[in-house]
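Asks: Provided herewith is a single structure, encoded as structure tokens, for subsequent inquiry.
The values are calculated or read from the model by the stated rules, or taken from the named source; none is laboratory data. Note that the structure is a prediction, hence the values are computed from the model and not measured. Heads up, the Cβs are rebuilt from the backbone with ideal geometry, glycines too, and the neighbour counts pull from every protein chain shown. Side chains included, ligands, DNA and RNA excluded: accessible areas come from the protein's heavy atoms. Shrake-Rupley method; radii C 1.70, N 1.55, O 1.52, S 1.80 Å.
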Amino acid sequence: MLSKEELLGQAYESFVKIDENRVFEVIEKWFESGYDVKDLLKKFVEALTEIGRRFDEKEYFLAQLMNSASLLDKANDLIAERLAESGIKVESKGTVVIGTVRNDTHDLGKNIASSMLRIAGFNVIDLGKDLGPSEFVDAAIENKATIIAASSMTSTTMNNLREIIDLLKEKGSRDDVKVMVSGAPVTQEYADKIGADACVRTATEAVEAAEILIRCHKK
């Protein structure tokens, strides 16, 4: 049987190479060995971060970045299946409703953040893209979500972020739901101006912010 460190090394290498078959093999071996699944998930996050770096440095192309996000989703699904089969229950830290705003179809970053939030232990309801404020708010209220994570990648769609917060206020749910905003044109100054609870630039920051918002909400 391979050691924990050896399997983690294989997990990292196969994910960075976006080798789907090898990643699945590592997952199966991991469960056969009985190691803590959280360590494997953390290693996948490290690999995804490395892929993002290579994309930023133009070592990887957009297609590879997109394929890595898809692979992460598939790996999550397989891990969830194995956890269910083994009877292991993972307690959710809280529910996050996530999506891109109306007239915005740029969802790659949102997809990666969605996957990483799941890995971190959140129940994620991914609404998709091109969503009106009411779709975010209604989903959050219906699912008793603690956080709405909304992305706007263009300056012409940013006002949707403000409308989400305004609608939460109208429905009397602003105190119950934290709002996290992101996107290329979205600054901390803008987030403060509209009353958002957090502004993030990366998927890793989204996870960190969600952890903080959950802790604040429980106090």
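Asks: Any chance you could count how many residues in the range 131-151 are among the β-branched types (Val, Ile, Thr) and in a helix (DSSP H, G or I)?
Replies: 2
Asks: Could you tell me which of the residues GLU32, GLU13, GLU6 is touching a helix residue (DSSP H, G or I) at 6+ places or on another chain (Cβ under 9 Å) and in a helix (DSSP H, G or I)? Full working, then the answer.
Replies: Details: GLU32 fails: touching a helix residue (DSSP H, G or I) at 6+ places or on another chain (Cβ under 9 Å); GLU6 fails: touching a helix residue (DSSP H, G or I) at 6+ places or on another chain (Cβ under 9 Å).
Just a single option satisfies the conditions, and that option is GLU13.
Asks: Is it true that LYS74 is in contact with a Leu (Cβ under 7 Å, 6 or more places away or on another chain), charged (D, E, K, R) and within 13 Å of PHE15 (Cβ to Cβ)? Full working, then the answer.
Replies: Working: in contact with a Leu (Cβ under 7 Å, 6 or more places away or on another chain): no; charged (D, E, K, R): yes; within 13 Å of PHE15 (Cβ to Cβ): yes.
No, not satisfied.
Asks: Is the range 104-124 home to any residue that is free of Cβ contacts under 8 Å to residues at least 40 places away in the same chain and part of a helix (DSSP H, G or I)? Outline the logic, then answer.
Replies: Going through the range 104-124, the residues free of Cβ contacts under 8 Å to residues at least 40 places away in the same chain turn out to be 105, 114, 121, 123-124.
Within this subset, residues satisfying the condition of being part of a helix (DSSP H, G or I) are 114.
Yes.
Asks: Would you mind finding the one in ILE212, ILE165 that is open to solvent by less than 20 Å² (accessible area, probe 1.4 Å) and either in a helix (DSSP H, G or I) or closer than 13 Å to GLY94 by Cβ (or both)?
Replies: ILE165
Asks: Taking ASN111 as the residue in question, decide whether it is at pLDDT below 90 and within 13 Å of the chain's Cα centre (by Cα).
Replies: When the stated conditions are applied, ASN111 passes them.
Asks: Taking the conditions exactly as written (of a type in the set (A, V, I, L, M) and more than 27 Å from ALA69 (Cα to Cα)), does LEU167 satisfy them or not?
Replies: Yes.
Asks: Can you tell me which residue in the range 179-208 is surrounded by the fewest Cβ atoms within 10 Å (Cβ to Cβ), limited to those that are at pLDDT below 95 and among the aliphatic types (A, V, I, L, M)?
Replies: Checked the range 179-208; the qualifying residue surrounded by the fewest Cβ atoms within 10 Å (Cβ to Cβ) is ALA184.
Table: residues versus (1) touching a Gly at 6+ places or on another chain (Cβ under 8 Å); (2) surrounded by fewer than 21 Cβ atoms within 10 Å (Cβ to Cβ); (3) closer than 20 Å to ASP77 by Cα.
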| position | (1), (2), (3) |
| --- | --- |
| ARG102 | yes, yes, no |
| PHE136 | yes, no, no |
| ALA140 | no, no, no |
| MET153 | yes, no, no |
| VAL177 | no, no, no |
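Asks: Among the residues of the range 79-94, is there at least one that is within 13 Å of ILE119 (Cβ to Cβ), of a type in the set (Val, Ile, Thr) and not in a helix (DSSP H, G or I)?
Replies: yes
Asks: OK, next. Can you name the residue in the range 66-86 that is of a type in the set (Gly, Ala, Ser) and either open to solvent by 80 Å² or more (accessible area, probe 1.4 Å) or closer than 25 Å to GLU208 by Cα (or both) and, of all such residues, is nearest to the chain's Cα centre (by Cα)? Spell out the reasoning first.
Replies: We begin by selecting, within the range 66-86, every residue of a type in the set (Gly, Ala, Ser); these are 68-70, 75, 80, 84, 86.
Next cut, either open to solvent by 80 Å² or more (accessible area, probe 1.4 Å) or closer than 25 Å to GLU208 by Cα (or both) only: 68-70, 75, 80.
Details: SER68: 14, ALA69: 10, SER70: 12, ALA75: 14, ALA80: 16 Å.
The qualifying residue nearest to the chain's Cα centre (by Cα) is ALA69.
Asks: Kindly indicate which of THR154, THR146 is hydroxyl-bearing (Ser, Thr, Tyr) and in contact with a His (Cβ under 6 Å, 6 or more places away or on another chain).
Replies: On inspection, the qualifying residue turns out to be THR146.
Asks: Suppose we keep only residues that are of a type in the set (A, V, I, L, M, F, W, C) and closer than 15 Å to GLU6 by Cβ within the range 27-41. Which one would you say is surrounded by the fewest Cβ atoms within 10 Å (Cβ to Cβ)? Full working, then the answer.
Replies: Start the filter on the range 27-41 by keeping residues that are of a type in the set (A, V, I, L, M, F, W, C), which leaves 27, 30-31, 37, 40-41.
In the following step, the residues that additionally are closer than 15 Å to GLU6 by Cβ were identified as 27, 30, 40.
Details: ILE27: 22, TRP30: 23, LEU40: 20.
Here the residue is LEU40.
Asks: Related question: Going through the range 47-65 one residue at a time, which ones are open to solvent by 40 Å² or more (accessible area, probe 1.4 Å), modelled with pLDDT of 85 or more and either within 15 Å of the chain's Cα centre (by Cα) or more than 19 Å from ASP107 (Cβ to Cβ) (or both)?
Replies: Hits for the range 47-65 are ARG53, ARG54, GLU57, LYS58, GLU59.
Asks: Does at least one position in the range 200-208 carry a residue that is in a strand (DSSP E or B) and of a type in the set (A, V, I, L, M, F, W, C)?
Replies: At the first step, the residues of the range 200-208 found to be in a strand (DSSP E or B) are 200.
Filter once more, so that each one left must be of a type in the set (A, V, I, L, M, F, W, C): 200.
Within the range 200-208, one or more residues are in a strand (DSSP E or B) and of a type in the set (A, V, I, L, M, F, W, C).
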